[in-house]
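Comments concern the structure below.
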2 protein chains.
Amino acid sequence: MTEFGGYRDRVAQIDLGEGDVSYRGIDDEDAKKYIGARGLGVKYVFEKGPEVDPDGPENRLAFMTGPLTGTQAVMSGRIALVTKSPLTGTVTDSHHGGWSGARLKWAGLDGILLDGESDEPVYLVVEDGDVEVRDASHVWGKGVHETIDTLGEEVEGTVGRNVSVMAIGQGGENGVRYACVVNEDDRASGRGGTGCVMGNKNVKAVVVKSGTNMPAPADPETFQEGHQQSMQVIQESDVTAPNEGGLSQYGTNVLMNITEEMDGLPTKNGKYTSTRSYEDAEGVDIDAERVSGENVRENILVDEPTCHSCPVACKKEVEVQTMHKGEEMNVRMESYEYESAFALGPNSGHTERDDIALMIDRCNDVGVDTIEVGNMMAMAMEMSEQGKLDDYGDLEWGDSETMVDLITEIATRETELGDLLAKGTERVADEVGAHDNKLSVKGQTIPAYDPRCMKGMGIAYATSNRGACHLRGYTPAAEILGIPEKVDPYEWEGKGELTATFQDLHAISDSFDICKFNAFAEGIEEYVLQYNGITGRDVSEDDLFAAGERVYNLERYYNNLAGLDGEDDTLPNRFLDGHPDAVPGQGASEGELCELEEMKAEYYETRGWVDGVVPDEKLDELDIDVGPGTGVSAGSGAAPADD
Amino acid sequence: MTEFGGYRDRVAQIDLGEGDVSYRGIDDEDAKKYIGARGLGVKYVFEKGPEVDPDGPENRLAFMTGPLTGTQAVMSGRIALVTKSPLTGTVTDSHHGGWSGARLKWAGLDGILLDGESDEPVYLVVEDGDVEVRDASHVWGKGVHETIDTLGEEVEGTVGRNVSVMAIGQGGENGVRYACVVNEDDRASGRGGTGCVMGNKNVKAVVVKSGTNMPAPADPETFQEGHQQSMQVIQESDVTAPNEGGLSQYGTNVLMNITEEMDGLPTKNGKYTSTRSYEDAEGVDIDAERVSGENVRENILVDEPTCHSCPVACKKEVEVQTMHKGEEMNVRMESYEYESAFALGPNSGHTERDDIALMIDRCNDVGVDTIEVGNMMAMAMEMSEQGKLDDYGDLEWGDSETMVDLITEIATRETELGDLLAKGTERVADEVGAHDNKLSVKGQTIPAYDPRCMKGMGIAYATSNRGACHLRGYTPAAEILGIPEKVDPYEWEGKGELTATFQDLHAISDSFDICKFNAFAEGIEEYVLQYNGITGRDVSEDDLFAAGERVYNLERYYNNLAGLDGEDDTLPNRFLDGHPDAVPGQGASEGELCELEEMKAEYYETRGWVDGVVPDEKLDELDIDVGPGTGVSAGSGAAPADD
């Protein structure tokens, strides 16, 4: 039994080829070093070797909770899916909210490791600490929503209450490289293609029956102090305050009007920095306000459900009746998110609010990442405009009706265009010769913050271990919201250091695993109290920061061993200061590009990395003892041995 | 081991005469029937027989937590002190907030029963499930604050963190009949003289060292649903919403301006229904606004601490510098409560804000109930005005400077006047012949809601099992705040039924034990979810309401066996419609009195009682199987056998 509170000390390990289920405990040293969820998940994926083929049976898919999961810590219902990404070739972790993480813990497990591949479609049932593998042939080929209904009914006789179903749709079944895993209808582990790996393994779903094993804090006094303090700061924050704060009122989509106003909203595949600039330049009828959180709340909001132990309720459930190809469509879904709206809307050249709802719902049903598929279609529109897609058929800017159907075509890969786009921006660029059209870093496309406006996002996208990502180092907290203090978004200096700090902080919360939105209010002080409270340990702020840094370095080290280095820490050409294909920002971001190289130098210095590679000294310093070392010395400045 | 979640199944029972400590479990049937805290406490006090002398060693003093205590249920830090009251001769329960209840549970105990009397002053230390009796001679005679500092330091090496000290001051030591037990400097089990009983037993303090035994819910799914729902309704309530609601902004004292405006604030020993009416009638300079929550917040607020697991933070910590008899006094304390302000201020004929802070702090240090001592002094002022106190010395209306010192004199009983007033209004009235001056019911004085304005409070005061009390059936929720729906405060009809419903609902929350302030937002639905979640039981709303009714009837039955019946369900003469000494209300309550008899009839009918007595049929119906029965039949209408 581990000495740590917050754990069940039981991780299921499933050999899908053999259909064997075994169980392992959590090593105390691992728990100390890598905390849980994201950190432990990366450690477990590392065990299979960073050189594995992400598409092959030797790739591992980990479902991991952390020490705070399923406790009453605020926003603690989450779970991390960790694997080697078939989209980026990096290690990736992608989390989702709802209740599945909490329920897995209550059911008596800390995590599930999927190894090998099943010959036939299967699904897993977790109940009372055990995992059972069942035949899934009757739901193979079905969408996520039908799968969840069918399996929820089958296992628990109900849907939603007491049971979580994490399922893939047609996207994961058909090897779409950005297929996601969807939980409870609309919560997705969206990024990096975890659903693709699950599909490769012929696993349709993981069904978790809730149980009675709620972890009690080892030190209630400290835990409660941390809980109370976190509730307090959440209540006092203009962003998170329940019923009052922007996130609570409008969900993530509170950002739409803000970034539009700042000229920080990538539009028309990142050609423009706002819909206003697009409209001014090309005379099209487009306006981000039509798809903003405010507009959604005013017109189509029907409910505001929450995840486990969350007072904020950022989920904005909407209902729309809209015409699609002459047919009336009625859709109700709970995730009109900012990122989805950006990628499927402005960045694809339109602001048809209700069509976006239809598209998000479609994405959740076929199981593909809304950001990736939206940006993929935006890239395709641009390529089409330039005649690069002539062999695959036309795709007009902002043709939202066609987009709805194209999402399904991508997931099923039934059309040539769908099959092509299922491969992701990087491979499409390779195949068709369109590298200037892609908005991706390490194969993963950017989210909804323009790095010509928020320079911190530029370095964060470039250095994110899982490809372009806002959630690995959320600098807009400082650049837009002034948390912990306001910094000038257009200033590049200091952003390397800021990004590293945010990255380490988020590595902690992702390893706990609590929602990133806590970071608008909570900080290291609340993290330490809650972590010490639940585990019974007595770590300092420095200790915990070091653990966050260790997790971040472990991922980077994995990537180095997988063949990535500083060359891969880059940005799409159109954002790059000094690049011949650069497209400067407009409006409030007039003339702006992203000073990546300057920031990279600062960032690497902060990190103690050598051209994007973790030197052996850093591995020693952080006591990372998996793998052979990168062979790079901090003094040498040499390229990594395996590069 | 009990089958119930939320319990440690361990109650310490201390024979103070022998210095023996033993432990008992909690009977499952008792837990089902009486829930916990208040309900179980009454059951345990009942074991000693309702005829015991409250001043004698055979009286039991129970410190009881409930199934929700110390969990993360909102406002669940409370503990009930239950005993036979030396003030009222009834069974009484008096709760306090802070962290002592939670800490007792975390230390591995559900409760402590004090029996007998120690020969020498002692204090108890609770640590890791055990109770140790230690010598307290070095703190005997000390005030509460010094005692808490000394014992906290002695036991834990610190004050506040990880340790709760529940102590009596000089009031409890010297047999003041309304002496209280104070926890963590400023949280008091104020009413009914629990501190007097503790003093009689020569117990100076109970020190609880926190532990690691936080109860986990037996059914996390249901518990979390209840928790989430309760957080939601608390956040949505205009009263409780953190940082927004009236209670959160101004504390309990949000009511001062409201009742003043309604002419529902008993003033000058209840002669007037507002300070405005007093000023108009007698030309004095008095204004409730000066002591209102708004005024306090604006001028002297320094902090807003919370109790365990509370998002509301109704505590309003203040700091005042004020002159007292030529000496500068600097006081910081965290309980500028509405009830204290009423009794020590307007009802005593003044609105000196800072002097009230001084008085409250003094009360908390010497350990006397602020409501009782304030009203006692108000009664004395009226008696003095009428020449009835000539043998004891003068006391002028509103002489706040003298009041400060008189509080200490009462606690020490060093002066004749102090010694007299220490006996409580009923005994003073008996001794001096002043029954028309007292504002008490069953020996306990009224709190700050005038029953000429809020008729529901009239029937609630009259029928409260522990003497006049607003917290046994808080009808102002409906009469002022419109919760669950607004009712006309001046209308008597329906108030008997309303009061019975509130009484049963509060008996549930007091038995949980969670703060009454939840009731501004939560209702039976949230109670059932949280109760079922923590215990793993599956009770219905009706089941739980029945348990609340059972607790209320058990108390009434105790009182019946102790000799009380419908005659004791009365009100001070000046409020009584039809009484020759009645004083009608003024201003907005012009001409109003309280229609007690009409409401009593309705109330008894709702209750199924016979002239205030629980008939044997009702005991059977509620399955109350302690004691011999009252010998009263529902059909007979006869007086109880022992009356």
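The values are calculated or read from the model by the stated rules, or taken from the named source; none is laboratory data. Values in this document were obtained by computation on a predicted structure and should not be read as measured data. Cβ placement follows ideal geometry from the backbone for every residue including glycine, while neighbour counts extend to all protein chains displayed. For accessibility, only protein heavy atoms count, side chains too; no ligands or nucleic acids. Shrake-Rupley method; radii C 1.70, N 1.55, O 1.52, S 1.80 Å.
Here are the numbers for the structure shown:
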item: Residue that is nearest to the other protein chains (Cβ to nearest Cβ) [pool: residues in the range A:227-262 that are charged (D, E, K, R) and either assigned to a helix (DSSP H, G or I) or open to solvent by less than 30 Å² (accessible area, probe 1.4 Å) (or both)]; result: A:236
item: Meets criteria (within 30 Å of residue A:5 (Cβ to Cβ) and either more than 11 Å from chain A (Cβ to nearest Cβ) or in contact with a Pro (Cβ under 7 Å, 6 or more places away or on another chain) (or both)) for residue B:162; result: no
item: In the range B:552-564, the residues that are closer than 13 Å to residue B:618 by Cβ and either at pLDDT below 95 or out of contact with any strand residue (DSSP E or B) (no Cβ under 7 Å at 6 or more places or on another chain) (or both); result: B:552, B:553, B:554, B:556, B:557
item: Filter result for the condition that a residue is in a loop (DSSP other than H, G, I, E, B) and either closer than 23 Å to residue A:182 by Cα or within 14 Å of chain B (Cβ to nearest Cβ) (or both), over A:357, A:313, A:343; result: A:313
item: Residue match in the range A:330-339 (condition: without any contact (Cβ under 8 Å) to a residue 12 or more places away in the chain and either among the polar types (S, T, N, Q) or more than 29 Å from residue A:277 (Cβ to Cβ) (or both)); result: yes
item: Strands (runs of 3 or more DSSP E) contained entirely in the range A:119-180, each with at least 2 residues that are assigned by TED's automatic domain parsing to the domain that holds residue A:414 and at pLDDT 95 or above; result: none
item: The range A:426-441: number of residues that are open to solvent by less than 10 Å² (accessible area, probe 1.4 Å) and without any contact (Cβ under 8 Å) to a residue 60 or more places away in the chain; result: 3
item: Only one of A:626, A:613 that is among the hydrophobic types (A, V, I, L, M, F, W, C), open to solvent by less than 50 Å² (accessible area, probe 1.4 Å) and modelled with pLDDT of 95 or more; result: A:613
item: Counted residues, the range A:458-479 - those being part of a loop (DSSP other than H, G, I, E, B) and open to solvent by less than 30 Å² (accessible area, probe 1.4 Å); result: 11
item: Where a residue in the range B:442-453 is within 16 Å of residue B:576 (Cβ to Cβ) and its partner, wherever it lies, is among the aromatic types (Phe, Trp, Tyr) and not in a loop (DSSP other than H, G, I, E, B), with Cβ under 8 Å and at least six apart; result: B:446/B:461; B:450/B:575; B:451/B:461; B:451/B:575; B:452/B:575
item: Residue satisfying all of: in the range A:18-39; open to solvent by less than 40 Å² (accessible area, probe 1.4 Å) and hydrophobic (A, V, I, L, M, F, W, C); nearest to residue A:93 (Cα to Cα) among these; result: A:37
item: Residue within the range B:444-457 that is open to solvent by 10 Å² or more (accessible area, probe 1.4 Å) and charged (D, E, K, R) present; result: no
item: Which listed residue is modelled with pLDDT of 95 or more and more than 25 Å from the chain's Cα centre (by Cα), from B:567, B:549, B:541; result: B:541
item: Answer from B:282, B:244, B:317 - the residue that is farther than 19 Å from residue B:353 by Cβ and at pLDDT 95 or above; result: B:282
item: Residue that is surrounded by the most Cβ atoms within 10 Å (Cβ to Cβ) [pool: residues in the range A:202-226 that are facing chain B (nearest Cβ under 7 Å) and closer than 16 Å to residue B:77 by Cβ]; result: A:217
item: Residue list for the range B:40-86, filter: open to solvent by less than 10 Å² (accessible area, probe 1.4 Å) and among the aromatic types (Phe, Trp, Tyr); result: B:44, B:63
item: In the range A:483-539, the residues that are open to solvent by 30 Å² or more (accessible area, probe 1.4 Å) and basic (Lys, Arg); result: A:486, A:537
item: Which numbered condition residue A:423 fails, given (1) closer than 18 Å to residue A:195 by Cβ; (2) open to solvent by less than 10 Å² (accessible area, probe 1.4 Å); result: (2)
item: Total residues in the range A:520-576, condition acidic (Asp, Glu) and not in a loop (DSSP other than H, G, I, E, B); result: 9
item: Scope the range B:181-203; condition assigned to a helix (DSSP H, G or I) and of a type in the set (Gly, Ala, Ser); matching residues; result: B:192, B:193, B:195, B:199
item: Members of the range A:589-622 found to be closer than 19 Å to residue A:503 by Cα and assigned to a loop (DSSP other than H, G, I, E, B), listed by number; result: A:608, A:609, A:611, A:612, A:614, A:615, A:622
item: Residue in the range A:76-105 that is nearest to residue A:41 (Cα to Cα), counting only those that are among the aliphatic types (A, V, I, L, M) and touching a Leu at 6+ places or on another chain (Cβ under 9 Å); result: A:82
item: Every pair of residues 6+ apart whose Cβ atoms lie under 6 Å, when the first sits in the range B:346-360 and is touching a residue at least 40 places away in the same chain (Cβ under 8 Å) and more than 17 Å from residue B:405 (Cα to Cα) while the second is among the charged types (D, E, K, R) and open to solvent by 20 Å² or more (accessible area, probe 1.4 Å); result: B:351/B:287; B:351/B:290
item: Tally, over the range B:492-527, of residues that are over 23 Å from residue B:312 (Cα atoms), in contact with a Lys or Arg (Cβ under 8 Å, 6 or more places away or on another chain) and of a type in the set (D, E, K, R); result: 1
item: Test for residue A:554: is it touching a residue at least 24 places away in the same chain (Cβ under 8 Å) and either open to solvent by 10 Å² or more (accessible area, probe 1.4 Å) or touching a Cys at 6+ places or on another chain (Cβ under 6 Å) (or both); result: no
